[in-house]
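Worksheet: one structure, shown below.
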Amino acid sequence: MGSILASVGTLLWVGVWMSAFSITTADDNSAPKAENVRWMSLDFTTILTWTAQPSSHSFTVQYSIDENDWTESPDCIRTSETTCDMTEQLKHYDKPCRADIQTEHPDEVDYDVENLPHTYSPLINPYRESNISAAEFSVQQLNETTVLVNITDPLTAIHKRNKQLSIRDILQKDLQYKISYYKYQSTRKRDVESLTSTAEISGLDPGQSYCFMVAAYIPSRARANQNGASSLEQCTEGSRGILQELSAGAWVGVIFLIVIIIIILVTVITLCCRKTNRNKSLQSTQLSAPV
Ligand SMILES: *[C@@H]1O[C@H](CO)[C@@H](O)[C@H](O)[C@H]1NC(C)=O
Ligand SMILES: *[C@@H]1O[C@H](CO)[C@@H](O)[C@H](O)[C@H]1NC(C)=O
Ligand SMILES: *[C@@H]1O[C@H](CO)[C@@H](O)[C@H](O)[C@H]1NC(C)=O
């Protein structure tokens, strides 16, 4: 009996010891690895994002151009965030860059880099892959057949000598715009490519309203990255009065209405005139009676 109790006791101890062991191993293993590492880049603002199991570990991001020397990204050393803004580090290059996200041990003194996980990012070259947002623009009628489309290049978050750079400052001659337009109520769309941010569009039908849309276009890039987002459309007034809007059918209706109105007017007027005439003659007979 006593020996059975003793062995149960030993078993319990072994169990406790083993679960404690597994907890500590789990703790060691739980240095979280950066996962789902992605680049997001819009107008050359380039941000590395990842996910990780919550823990007391932090992350340090290194990057490398052409996979040569690795440099720490100054804003992302022992960060507890799971994003890293790398706009500044990547702004100079038209080259593919890779980042490496290293999990750091919470205890700065005693850590063993070899055992901590790290994750490489996919390659990115913002010059060729950054998405371009929709551009603002205005349309000005120069004369009956020509308009001036004036596009404002979207701004980037990059500054140089206290000036905020636009996408034109970065892409320069590689930046073109696609201007699409169509005549109001027509389904035929036309595309014009413009090397500059202002473009004259001529050969329009006089007096007609036209609608315009613009999007950045970078033909030097791979096809999937060539087109910026499309702007909202803007339409010219034309001399689009009520008269021009009406179709042939509507015109027939209008003329028919006018004819009817004229007929009604003429009938009413003649009826009224006869009535007053009869009243006048009646009055004159009444007036003459007592005399
Ligand atoms: C650009 O936009 C597309 C579509 O929204 C998206 O799938 C892609 O990941 C974006 N690229 C970058 C580098 O942000
Ligand atoms: C309209 O203006 C454009 C550019 O200013 C010019 O080339 C064109 O001849 C003008 N057309 C008319 C009909 O005045
Ligand atoms: C285009 O618009 C900007 C302001 O949005 C203005 O400063 C510039 O002079 C315009 N360009 C032309 C050619 O009208």
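Within the range 34-85, which residues are assigned to a loop (DSSP other than H, G, I, E, B) and closer than 26 Å to ALA216 by Cβ?
ASP43, PHE44
What's the number of the only condition in (1) among the hydroxyl-bearing types (Ser, Thr, Tyr); (2) within 16 Å of ligand 1 (Cβ to nearest atom); (3) surrounded by fewer than 18 Cβ atoms within 10 Å (Cβ to Cβ) that TYR127 fails to meet?
(3)
Given ILE132, ILE151, which one is surrounded by 13 or more Cβ atoms within 10 Å (Cβ to Cβ), of a type in the set (Val, Ile, Thr), within 16 Å of ligand 1 (Cβ to nearest atom) and in contact (Cβ under 8 Å) with a residue 40 or more places away in the chain?
ILE132
Please indicate, with yes or no, whether at least one residue in the range 83-101 is within 16 Å of ligand 3 (Cβ to nearest atom) and either more than 25 Å from ALA224 (Cα to Cα) or touching a Cys at 6+ places or on another chain (Cβ under 9 Å) (or both).
No, the range 83-101 has no match at all.
Identify the residue in the range 135-148 that is within 16 Å of ligand 2 (Cβ to nearest atom) and loosely packed, with under 15 Cβ neighbours inside 10 Å and, among all such residues, is farthest from THR198 (Cα to Cα).
Of everything passing the filter in the range 135-148, GLU144 is farthest from THR198 (Cα to Cα).
For the range 59-107, which positions are over 19 Å from SER41 (Cβ atoms), of a type in the set (D, E, K, R) and free of Cβ contacts under 8 Å to residues at least 24 places away in the same chain?
ASP69, GLU72, ASP107, listed by residue number.
Take the conditions in a strand (DSSP E or B) and either within 16 Å of ligand 2 (Cβ to nearest atom) or in contact with a Lys or Arg (Cβ under 6 Å, 6 or more places away or on another chain) (or both) and apply them to ALA99. Does it pass?
No; evaluated as a whole, the condition is false for this residue.
Each value in this text was obtained by applying a stated rule to the coordinates, not by laboratory testing. Remember, predicted model here, so these are calculated numbers, not experimental data. Note that each Cβ is placed from the backbone with ideal geometry, even for glycine, and that neighbours are counted across all protein chains shown.
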